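Below you'll find the structure I mean.
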Amino acid sequence: MRILLIEDHVELSRWLTKALQDAHWSVECAMNGADADSLLHTQQYALVILDLTLPKMDGLEVLKRLRARGSKTPVLILTARGGLQDRVQGLNLGADDYLAKPFELVELEARVKALLRRAQGGEAPVYSCGALSFDTVSRMFSYGDAALALTPREHAVLEVLISRAGRAVSKEKLFDEVFALVDDANPDAIEIYIHRLRKKLQRDGDGVVAITTLRGLGYLLEVAAKK
């Protein structure tokens, strides 16, 4: 799930980006309102974390334009402007939640999870494919009876695949979901993570999961056929 963080404070932006990435979310950053508006006009995100006091374009204007385009992307306002008028105006313009600075990281993560859960229909689904499962609340993979240890990139790739288990996912789609626009990478990098995941998914027994390459279509997560 890609999150767009719109925050002009460099140190806070870096800290939040790392914290969210450690929680296995893919994060892109915008440092001003104009860049944020451009990204939201051309890219799809699961969630937006929006500061209000931004250079080049105020955060409320970014939110107003986003909703005017018909987007229902959840927006969490994160700002030092915690006055009642600012909160009311933000919510009236279509914000989904409001968290004033300073804040605790655990509360931010809880609110992010709640907004994503609400966007998925109010439930907290557990995706599964054979013996492999992914809990969208804990953000943990388990394989059989054990947790599956993954790097952040491996986690992001496997999350996309398991959310579409049984359906082909193109390399380009995986790349768009996993890598931020600022990352120095190309779609061929996906092959590296697919190779690593295949090694980690290899085992004997029932419910073994495999990543199958479908020529011209992409990759498919499925229960491996018994030999």
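Stretched out fully, how many nm does the piece from ALA100 to GLU222 gain, at 0.36 nm a residue minus the Cα gap?
Details: separation 122, 0.36 × 122 = 43.92 nm, distance 4.34 nm.
The ALA100-GLU222 span can extend by a further 39.6 nm.
Count the DSSP beta bridges whose two residues both fall in the chain, then state the antiparallel fraction as a percent rounded to the nearest 5.
Bridges in the chain are about 50 percent antiparallel.
Based solely on C-alpha atoms, express the radius of gyration and the Dmax of segment 104-220 in angstrom.
14.9, 47
Please report the orientation-averaged projected area of segment 168-222, defined via the convex hull of its C-alpha atoms, in nm².
Averaging across all directions leaves 4.1 nm² for the Cα convex hull.
Before I look further, what does segment 20-124 give for accessible area per residue, probe 1.4 Å, in whole square angstrom? Spell out each step's value before the answer.
On the way: 5090 Å² over 105 residues.
Per-residue accessible area for segment 20-124 comes out at 48 Å².
Of the candidates THR42, THR212, THR151, which one comes out as most mobile in a Gaussian network treatment of the chain with C-alpha springs shorter than 10 Å?
THR42
Just to confirm the filter: which trypsin sites (Lys or Arg not before Pro) across segment 1-63 are DSSP coil and have at most 15 other Cβ within 10 angstrom of their Cβ? Provide the component values of the computation, followed by the final result.
On the way: sites: ARG2, ARG14, LYS18, LYS56; in loops: LYS56.
For trypsin sites (Lys or Arg not before Pro) across segment 1-63 that sit outside H, G, I, E and B with at most 15 neighbouring Cβ atoms in 10 Å, the list reads LYS56.
What are the extents of the Cα atoms of the chain along their three principal axes, listed from largest to smallest and rounded to whole Å?
Each principal axis gives a Cα extent; for the chain these are 65, 32, 32 Å.
Quick one: accessible area per residue over segment 130-227, 1.4 Å probe, rounded to a whole number of Å²?
Working: 5420 Å² over 98 residues.
That works out to 55 Å² for each residue.
For the chain, which whole-number percentage of the solvent-accessible area (1.4 Å probe, protein heavy atoms only) is attributable to carbon and sulfur atoms?
Carbon and sulfur atoms account for 50 percent of the accessible area of the chain.
Also, I was wondering about something else. Considering amide H positions built from the backbone, and no H for Pro or chain starts, which residues 5 or more places from VAL27, or on another chain, come under 5 Å of its amide H?
Close amide H contacts, sequence-distant or interchain: ILE3.
Would you mind working out the magnitude of the charge dipole of the chain relative to its Cα centre, with +1 at each Lys and Arg C-beta and -1 at each Asp and Glu C-beta, to the nearest 20 Debye? List each step's numbers first, then the result.
Values: 30 positive and 31 negative charges, 139 e Å.
Computed charge dipole of the chain: roughly 660 debye.
Sticking with this structure for a sec: Measure out, as a whole number of angstrom, how far apart the alpha-carbon centroids of segment 31-84 and segment 86-154 sit.
Using only Cα atoms to place each centre, the spacing works out to 19 Å.
Let me ask something else about it. Among LEU174, GLY218, ALA146, pick out the residue whose Cα is farthest towards the positive end of the charge dipole of the chain, where Lys and Arg carry +1 and Asp and Glu carry -1 on C-beta, about the Cα centre.
Of the candidates, GLY218 comes out farthest on the positive side.
Rounded to two decimal places and with Rh computed the Kirkwood way over Cα pairs, what is Rg over Rh for segment 1-72?
On the way: Rg = 11.6 Å, Rh = 12.1 Å.
Over the Cα atoms of segment 1-72, Rg/Rh equals 0.95.
The values are calculated or read from the model by the stated rules, or taken from the named source; none is laboratory data. Just so you know, these numbers come straight off a predicted model, no measurement behind them. Counting neighbours? That spans all protein chains shown, and the Cβs are built from the backbone with ideal geometry, glycine included. Remember, those area values only see protein heavy atoms, side chains included, never the ligands or the DNA or RNA. Shrake-Rupley method; radii C 1.70, N 1.55, O 1.52, S 1.80 Å.
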